[in-house]
Number of protein chains: 2
Amino acid sequence: MLDVPADEAGHLVRVLRLGPGAAVRVFDGRGREWDATLRATSKQGAVVELGVPRASAPEPRVHYTLAVAVLKGDATDDVVRDAVMMGVQAIRPFVSVRAEVRAAALERAHRRERWERVATASAKQCGRAVLPVIHEVADLSAVLASDGDALRLLLVEPGVGGTTAQPRDLAEPRAVSLAIGPEGGWTADEAASAVGAGWQPLRLGGRVLRAEAAPLVALAACQAVWSET
Amino acid sequence: MLDVPADEAGHLVRVLRLGPGAAVRVFDGRGREWDATLRATSKQGAVVELGVPRASAPEPRVHYTLAVAVLKGDATDDVVRDAVMMGVQAIRPFVSVRAEVRAAALERAHRRERWERVATASAKQCGRAVLPVIHEVADLSAVLASDGDALRLLLVEPGVGGTTAQPRDLAEPRAVSLAIGPEGGWTADEAASAVGAGWQPLRLGGRVLRAEAAPLVALAACQAVWSET
């Protein structure tokens, strides 16, 4: 028997209105999933009995980290949802010069906890049994210093000068970290700092991508070129 | 001097509150774009004077058609917006067995005209000077009979049996038509009809893609593998 976390118990009991005997699926967020049976429900929670293990969606062979600027309003929720669907292992939200939000305000608003709920819902929808790590909101400088053992790619807008690569120019890495800027793109200083810290400018096609869509396009592009599993 | 279409004139005058002398850009939807100056505005419209031609975003070398199931509510608006951003040349909306909408209802609601406005707004945002053709809503059977000279790919869900290809298994085509189903995927009959009509099942990774996101993922995957320009 296993206690269901309070959020999920509330969803089962109050939203889905399931009672004892209902068939459910349980996943541990680290890759394991089971058929299960709801055994008891109350206002305080729910208890399930685990049945047979299930095969959940395969994880990408390449380890993806998405380092992404926090966007205006709730737009980062959609980025988190899509990143989970694309199989990322970690998300590093950051605030940059052009960000309209501050890390302290995001922390007060418990934004990371909300993203974790969004990630759980997305994992259920896409059949994944792994939840990515969602790091605390950091400054861009901290993000640029991280993931030193991964292939580190900085998405730049079309027409940015200098040498840029596309995913198909790059050998399949063991791990990749993709940095994606805010609405309006990187400042020249930010891009120069990133390149100085070892990040490689990445370009994806000739059109300007919406900030909310860029992570999905970048992840899809990498996965199309490198092995999925 | 050139009259601005009524929709766009209203946007310039009433939303952006621009007056004579303002610098604007004009594009013809077929690949040409100019710097221009607003010369006269009235309640009825606006007149611009064309200046020097501008370089607009490059078009993909591969000709993309997106055949996409009309989704619930306004979700197809987002699909159109993203498809324009990804450089498609044509969009074929269709209704399938599982669709919750009917072609006649969409026509009464002038849905195609709305998608054309969404496409125009997206082209402006992403820097494209080409507007894709948006076909009338058709039945799936009509869509399956179309684009016979293109590489025709049918996006299928992970775990669907039979032979499936990924974009990187396929040589770069001159033109590709991507068919993407509704929420809940294709019925077995629909998938069999498509294969019978010469469409090739395409798979993209191991996780279930949200219906609204699948076109963006599929277009990004193809463009990552084939040449952009």
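The values are calculated or read from the model by the stated rules, or taken from the named source; none is laboratory data. Remember, predicted model here, so these are calculated numbers, not experimental data. Positions of Cβ are backbone-derived with ideal geometry, glycine not excepted, and every protein chain shown enters the neighbour counts.
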* Among the residues of segment B:63-91, count how many are outside any helix (DSSP H, G or I) and closer than 18 Å to B:Thr120 by Cβ. => 8
* **Whichever residue in segment B:142-186 is more than 21 Å from A:Ala224 (Cβ to Cβ) and touching a Ser or Thr at 6+ places or on another chain (Cβ under 8 Å) and, among such residues, is surrounded by the fewest Cβ atoms within 10 Å (Cβ to Cβ)** => B:Ser146
* So which residues in segment A:211-228 are facing chain B (nearest Cβ under 9 Å) and either part of a helix (DSSP H, G or I) or modelled with pLDDT of 95 or more (or both)? -> A:Ala213, A:Leu216, A:Val217, A:Ala218, A:Leu219, A:Ala220, A:Ala221, A:Cys222, A:Gln223, A:Ala224, A:Val225
* Kindly indicate whether A:Leu18 is outside any loop (DSSP other than H, G, I, E, B) and either within 13 Å of another protein chain (Cβ to nearest Cβ) or hydrophobic (A, V, I, L, M, F, W, C) (or both). => no
* Asked: Can you name the residue in segment B:195-210 that is within 10 Å of chain A (Cβ to nearest Cβ), hydrophobic (A, V, I, L, M, F, W, C) and crowded, with 22+ Cβ neighbours inside 10 Å and, of all such residues, is nearest to A:Pro215 (Cα to Cα)?
  -> B:Leu209
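Table: residues versus (1) more than 14 Å from every other protein chain (Cβ to nearest Cβ); (2) touching an Asp or Glu at 6+ places or on another chain (Cβ under 8 Å); (3) closer than 19 Å to B:Trp115 by Cβ.
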{"site": "B:Val48", "(1), (2), (3)": "yes, no, no"}
{"site": "B:Leu66", "(1), (2), (3)": "yes, no, yes"}
{"site": "B:Ala75", "(1), (2), (3)": "no, yes, yes"}
{"site": "B:Gly87", "(1), (2), (3)": "no, yes, yes"}
* Asked: For A:Leu151, are the conditions met, namely being within 27 Å of A:Glu113 (Cα to Cα) and away from chain B (no Cβ under 14 Å)?
  -> no
* How about segment A:19-37: which of its residues are within 23 Å of A:Glu116 (Cβ to Cβ) and surrounded by 12 or more Cβ atoms within 10 Å (Cβ to Cβ)? -> A:Val24, A:Arg25, A:Val26, A:Phe27, A:Asp28, A:Gly29, A:Gly31, A:Arg32, A:Glu33, A:Trp34, A:Ala36
* Taking the options B:Val88, B:Val79, B:Val68, B:Val95, name whichever one is touching a residue at least 60 places away in the same chain (Cβ under 8 Å), β-branched (Val, Ile, Thr), crowded, with 21+ Cβ neighbours inside 10 Å and farther than 18 Å from B:Leu151 by Cα. => B:Val79
